[in-house]
Amino acid sequence: MLRNLKHHRWVKQRQRSLSMKGFASDTRGAAAVEFALVAIPYFALIFAIIQSGLIFFSQEVLQNATQQTARLIMTGQAQTSGMTAQQFLQDVCAEGSPLLTCASLNVNVQTFPSFSAITQVNPVVNGNFNTSTLLYSLGGPGDIVLVQVFYQLPVFAGPLNFSFATVNGSQRLLEATAVFRNEPY
């Protein structure tokens, strides 16, 4: 009976896999091992692609919302109605809804004597968003106006701790800008 046991297929496979020659030719589980080696970089890449797409899409939505809402200033509707900065941001949020979170929006509106005199505000100080430098001056007819809308988009680190964050450790600062001369309303 022991003689018959030596001839069973599973015994031969076991003996072959224990030998070096058998170990090198054994392919059971190879796909799982290979996948384990590439899974983390693969999922990190997929996550980074999705995160990049979300950032670019959010940037485009913010730019469109800013352009549409800035027209209220350019045509004098914001000035004649007494629009506040908060009301302006609510209009931007309504234009960018449902993607933009209203609480993460900030606006800077300044007037300048000429297009060459325009300087943009950088509200990032030591990696933190600082609202103390932001102004809200709509100007009058014929004034040159700079409108900057800032949005702090929450981002997440991927499997390899790859992050798109630029402010406050876990947020990406997006900025949309519109520059124009107010119409003679």
At 25 °C and 0.890 mPa s, grab the translational diffusion coefficient of region 31-117 from Stokes-Einstein with a Kirkwood Rh over Cα pairs, rounded to a whole number in µm² per second. 153
Tell me, in nm to one decimal, what length is gained between PHE180 and LEU135 on full extension, where the rule is 0.36 nm per residue of separation less the Cα-Cα distance? 14.5 nm
What translational diffusion coefficient, to the nearest whole µm²/s, does region 8-181 have by Stokes-Einstein, given a Kirkwood radius computed over alpha-carbon pairs, a temperature of 37 °C and 0.692 mPa s viscosity? 166
Residues whose built amide H sits under 5 Å from the amide H of THR166, excluding neighbours closer than 5 in sequence, are GLN171, ARG172, LEU173
Over the Cα atoms of region 85-185, each weighted equally, I'd like the Debye log10 I(q)/I(0) at q = 0.09, 0.14, 0.21 Å⁻¹, rounded to two decimals. -0.27, -0.61, -1.11
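Every number in this text was worked out from the coordinates using simple rules, so none of it is lab data. These figures come from a predicted structure and were not determined experimentally.
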